[in-house]
Amino acid sequence: MDYLAVLAGFGVGAIVGMTGVGGGSLMTPLLMGVFKLNPAVAIGTDLWFAAITKSGGSWVHWRMGHVDTRITALLLAGSVPATLATVALMHLTGITKGWAGALTTALGIALLLTAVSVAYRRVWHALGLRLEAWLPPRRQAIATVASGALLGVLVSLSSIGAGAIGATLLLLLYPRLPAHKVVGTDIAHAVPLTLLAGIGHATLGHVDWQLLAALLVGSLPGIWLGARLTRAMPERLVRGVLCASLLGAGLKVLN
């Protein structure tokens, strides 16, 4: 067992438990920087890490009635075809130097977008309320499918976006959706999306299964502890640290 990987899984799990976001955003740069995985393998491994760790949370939210099935279906109507198309393109072209550069750039951009999403969550909600008049039900449904497609491409290329960016898009499109349903719907959509993208990367040989197992061993107690630390630590402090970490990682990846 790689104890460094267990410790890394514990740390990321604790942050996810405290904030609800940051798993993929922190794990992929960690896999590249500390464990020296190439971008494609780091992304594939993180996709499986996200799919497995979020499955339990998705089930809990489902049982508690926190999942809006209509919105989830609309998101999947966009994300599933986009994910399949992105993975198919990667199969057809192979992971060349050009693709590696595209993956790295997508990762850096996704990290910066996630940092902005986390930092200005209330702003997105207020903006969504102003956009309501411009989004009647039909346009809202089309925008939701398009958002799913955007997430499908972004997650397939970077493993990042299904959490914080997905929640931000929901706040913009459905500002009156209760907070617990935003979280539950976002997680319910993230699980099949990351699993499908993870399977695609696995068919390309982009998953380090042994490292994944060690990360999962550490993440479970980390999430448990982080959820309990949430009550003791100010949310603003936790989100500030998370945003700083995301910005630093994003700028480093892009450079």
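Here, each number is a calculation from the coordinates, and none is a lab measurement. The structure presented is a predicted model; accordingly, all values stated were derived computationally and were not measured. Note that each Cβ is placed from the backbone with ideal geometry, even for glycine, and that neighbours are counted across all protein chains shown.
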Original post:
So what's the convex hull volume per residue for the Cα atoms of the range 43-169, in Å³?
Top reply: 121 Å³
Subject >> Cβ-based net charge around K181, under 13 Å, with every Lys or Arg adding one and every Asp or Glu removing one >> reply: 0
Original post:
Anyone know which of A88, A40, A146 comes out most mobile in the 10 Å Cα GNM of the chain?
Top reply: A88
Original post:
Per q in 0.15, 0.17, 0.26, 0.27 1/Å, what log10 I(q)/I(0) does a Debye calculation on the alpha-carbon atoms of the range 119-184 return?
Top reply: -0.46, -0.59, -1.19, -1.23
Original post:
Which distance in nm do the two modelled labels at A179 and H91 give, with both placed 7 Å along the Cα-to-Cβ direction?
Top reply: 4.3 nm
Subject >> Normalised contact order of the chain, rounded percent, pairs of Cα under 8 Å and 6 or more residues apart >> reply: 44 percent
Original post:
If you count, for each residue, the other Cβ atoms within 10 Å and average over each peptide, how do 63-71, 110-118, 207-215, 187-195 line up from highest to lowest?
Top reply: 187-195, 110-118, 207-215, 63-71
**OP:** Specify the residue with the greatest mean-square fluctuation among P175, P136, P39, computed from a Gaussian network of the chain linking alpha-carbon atoms under 10 Å apart.
**Re:** P136
